[in-house]
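See structure below.
The values are calculated or read from the model by the stated rules, or taken from the named source; none is laboratory data. Note that the structure is predicted; figures quoted are calculated from it, not measured. So basically every Cβ, Gly included, is an ideal-geometry build from the backbone, and we count neighbours across all protein chains shown. Remember, those area values only see protein heavy atoms, side chains included, never the ligands or the DNA or RNA. Shrake-Rupley method; radii C 1.70, N 1.55, O 1.52, S 1.80 Å.
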Amino acid sequence: MYTEEELLGEIKELLADEELYEMYERAFREYHYYFETTNYIVLNVYGFNDHGPIHVLLTTRRALELLNIIRKFGIHTTAEKLGKPFRWSKFIVAFGALFHDIGNMIHRINHYEFSVFLAEPIIEKLVGELKTDDPLLLKAMTLNAIYTHDEHVPCTTIEGSLVTIADGCDMEAGRSRLVHKKDKVDIHAVSALAIERVEIKEGNEEQPILIEISMKHPAGIFQVDEILTKKVKSSLLSGRVKLRIRTGTEVMEKVI
């Protein structure tokens, strides 16, 4: 359904910053074996679905889509509230999304903590390339976005909120975030195959983020409630996100 090159092209357009994109693409290719190894373990040891290169690229693309949307509606990022340039937010969101899941290589439980541990020297190196006035703060905020991507950890920044919501959007058929036994037909399996498309769009002033979900079976609601809804509620943008769920000719909307 997705290819690495296609997603990289979309990320380049969304970043709209040649230096940041060059750093991002280089890091993606340099640490590709991290994402491949993570995925191998997740698939073959934990029995989960994709957490590899395509997942991190999809999460990055969606997080940047969300970042551009909230900016259009005048919502300031945490970096901006701290007096830092918007470019910081692009860096935090892009690299937070890129490395958010690598801790799965160590263990699924508390993988977000292991992701921070593994990503720290990489982020240190990348921040050093930017020659910013406050490298430690930028590094800390990027690691924060990695740490808070799990719904069990409340988000403390807007940037981290965007990464966690974007992560929760990866629910399309065959890309379930929920574990299920491949040889067993239950609500997990049916739900994981029910969602056909997830699209991020502009909403309105009250709910600037609109997430449209097309599904072929109502069982997909289980996937939405168990993953995306929990992640939105753990973010700082709860109440400003509207879901529009389409099942055939039926349309349901709800604010989360």
For the stretch 45-62, in order, what is each residue's ³J(HN,Hα) by Karplus, 6.51 cos²θ - 1.76 cosθ + 1.60 with θ = phi - 60°, in whole Hz (x at glycine and Pro)? 9, 8, x, 8, 8, 3, 10, x, x, 5, 4, 5, 5, 4, 5, 4, 4, 5
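Using a 1.4 Å probe on the protein heavy atoms, what percent of the accessible area of the chain belongs to carbon and sulfur? Numbers along the way, then the final one.
Working: 5940 of 10940 Å².
Ligands and nucleic acids excluded, carbon and sulfur give 54 percent.
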Please return the longest stretch of the chain lacking exposed loop sites, where trypsin sites (Lys or Arg not before Pro) count only if DSSP places them in a loop and at most 13 other Cβ atoms lie within 10 Å. 1-130
Just tell me which lysines come within less than 27 Å, Cα to Cα, of Lys131; anything on the same chain fewer than 8 places away is out. Lys12, Lys81, Lys84, Lys90, Lys139
Ordering Ser238, Ser115, Ser214 by the accessible surface of their heavy atoms, 1.4 Å probe, largest first, yields Ser238, Ser214, Ser115
For the chain, modelled as a Gaussian network with Cα springs under 10 Å, which listed residue fluctuates most, Asn104, Asn144, Asn44? Asn44
Only Lys, Arg (+1) and Asp, Glu (-1) charged, at Cβ; the stretch 4-192 dipole about Cα centre in debye: 400
Arrange the residues Asp225, Asp170 by how much accessible surface each exposes, largest first, with a 1.4 angstrom probe. Asp225, Asp170
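Using a probe radius of 1.4 Å on heavy atoms only, what accessible surface per residue do you get for the stretch 4-192? Whole Å² is fine. Don't skip to the answer; put the middle values down first.
Details: 7590 Å² over 189 residues.
Here the residues of the stretch 4-192 average 40 Å² of exposed surface.
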In order through the stretch 242-248: 3J(HN,Hα) via Karplus (6.51 cos²θ - 1.76 cosθ + 1.60), integer Hz, x for Gly, Pro: 10, 9, 10, 10, 10, 10, x
Derived scalar couplings ³J(HN,Hα) [the stretch 217-223; Karplus, 6.51 cos²θ - 1.76 cosθ + 1.60; whole Hz; x for Gly, Pro]: 8, x, 4, x, 4, 4, 4
Choice from Leu136, Leu210, Leu57 showing the highest fluctuation, given a GNM over the chain with Cα pairs closer than 10 Å: Leu136
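With r as the distance between the Cβ atoms of Glu250 and Glu18 and R0 = 30 Å, compute the FRET efficiency 1/(1 + (r/R0)^6) and round to 0.05.
Numbers: r = 45 Å, r/R0 = 1.49.
The formula returns an efficiency of 0.10 here.
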DSSP beta bridge pairing in the chain, given as percent antiparallel to the nearest 5: 65
Only helices counted: for the chain, with every DSSP H run of 4 or more residues adding -39500 (n - 2.57) and the sum spread over all residues, [θ] at 222 nm is -16000 deg cm²/dmol
